[in-house]
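To start, the structure under review is shown below, and the notes come after it.
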Amino acid sequence: MELRHLLYFKTVAEELHFRKAAEKLFISQPPLSRQIKELEEELGVELFYRNNKRVVLTEAGIYLKREADEILSKLDAIKHNLGQLKGAVTGLLRIGYISSVNQQYLISVLKELREVYPLVRTRLYELPTIKQVKALEDHKLDIGIMRAPIKSDKLHVDTLFVENFVLALSKGCLANGDTTNLAQFLKQQSFIFFNRDYAPDYFRKLEEICQRMGFYPEVSHEVNNVHSILQLVEQGLGVSIVPASLKNSFSHLNLDFINLSNLPITTEVVLAYKKGNKHPVSEWLVERYKRGNLVINEIQTLSGEEKVT
């Protein structure tokens, strides 16, 4: 078995379509099919179920894809480390991030990263915290931007910043913006939260905020992406609770935000990576984000929305 066999197999396993995989590999389909057939004959197993309509991985194929991902990921890490030995920081940096992170700030950091490390390429993956942790442990991500708690003893975790929550409502939903009887108003509202299986710790924290205010939320919609949550709120399908730093990211939507900073519940955004990862870009990202924490705190302090009393 040669590395090209693993690469060809991995591409077909991801695309589940021989023609699309061949186009991605810049080869024609017949040679690709022959290479996969040779690999199956050498291993003595069938890797794909094929017919005229679809291509599906067999159990053996699922196992080999998992192992191939690990091997090829390790090779990428080796190539990257060798590039560092030449004195230049090069290679691919795979970054995971949560949808509820301030993406405008993430973009500004990536622009600066390109100036500081012009030879480093980046790939971004929007993933929930629990999936990022697994991907980091399996060497499928280099860096993860997520929310605590991080349940892994294999990762190094640095705090980026801690922020409060805000209540998000459609524009004018709260008559005259009067927050005097906010809890009573919210008891009668439907809530839109992150899916509890997608982000269980985050979901529990939002429930706790409501309980601190004296009621249990009626969750009518569970969504996996903060963009979708706030779009549903804008359309009047419910209210939600989101991190305060997102107020500026979604200022283009017809929403009102009410600070909940008087409640003793915060959310911690962290940057995590595998222990032993001495990649200078990892260290640079941590320091860059920590500097940005001062800006985020200042934005929250200067915002003019009312607070819960």
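The values are calculated or read from the model by the stated rules, or taken from the named source; none is laboratory data. All values derive from a computational prediction rather than experimental measurement. For neighbour counting, all protein chains shown are included, and Cβ atoms are generated from backbone atoms with ideal geometry for every residue, glycine included.
Residues that are of a type in the set (Ser, Thr, Tyr) and under 19 Å from SER100 (Cα atoms) were ranked within segment 119-173; the one that is modelled with the lowest pLDDT is THR159. Looking only at segment 217-252, residues that are over 19 Å from the mean Cα position of the chain (by Cα) and of a type in the set (Val, Ile, Thr) come to 3 in all. Tell me, yes or no, whether segment 164-182 has at least one residue that is over 20 Å from VAL281 (Cβ atoms), of a type in the set (Asp, Glu) and outside the structural domain of ARG288 (by TED's automatic domain parsing). Yes - at least one qualifying residue is present in segment 164-182. Which residue pairs have Cβ atoms under 6 Å apart, sit 6 or more places apart or on different chains, and have a first residue in segment 118-141 that is at positive phi and a second that is among the small types (Gly, Ala, Ser)? Matching pairs, first to second residue: HIS139/SER73.
For segment 42-66, filtering for residues that are of a type in the set (Val, Ile, Thr) and under 17 Å from GLU2 (Cα atoms) leaves 1. Counting only helices (runs of 4 or more DSSP H) that fall entirely inside segment 172-280 and contain at least 3 residues that are touching a residue at least 60 places away in the same chain (Cβ under 8 Å) and among the aliphatic types (A, V, I, L, M), the qualifying elements are 226-234. Residues considered: GLU15, GLU23. Of these, the only one that is surrounded by 13 or more Cβ atoms within 10 Å (Cβ to Cβ), outside the structural domain of ASP142 (by TED's automatic domain parsing), in contact with a helix residue (DSSP H, G or I) (Cβ under 8 Å, 6 or more places away or on another chain) and modelled with pLDDT under 90 is GLU15.
Yes or no, residue by residue, for (1) among the basic types (Lys, Arg); (2) out of contact with any strand residue (DSSP E or B) (no Cβ under 9 Å at 6 or more places or on another chain):
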site: TYR216; (1), (2): no, yes
site: GLU222; (1), (2): no, no
site: ASN225; (1), (2): no, no
site: ILE229; (1), (2): no, no
site: GLU234; (1), (2): no, no
site: GLY238; (1), (2): no, no
site: VAL242; (1), (2): no, no
site: LYS247; (1), (2): yes, no
site: PHE250; (1), (2): no, no
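For first residues located in segment 93-113 and surrounded by fewer than 17 Cβ atoms within 10 Å (Cβ to Cβ), partners that are modelled with pLDDT of 90 or more and among the hydrophobic types (A, V, I, L, M, F, W, C) and lie 6+ apart or on another chain with Cβ distances below 6 Å do not occur.
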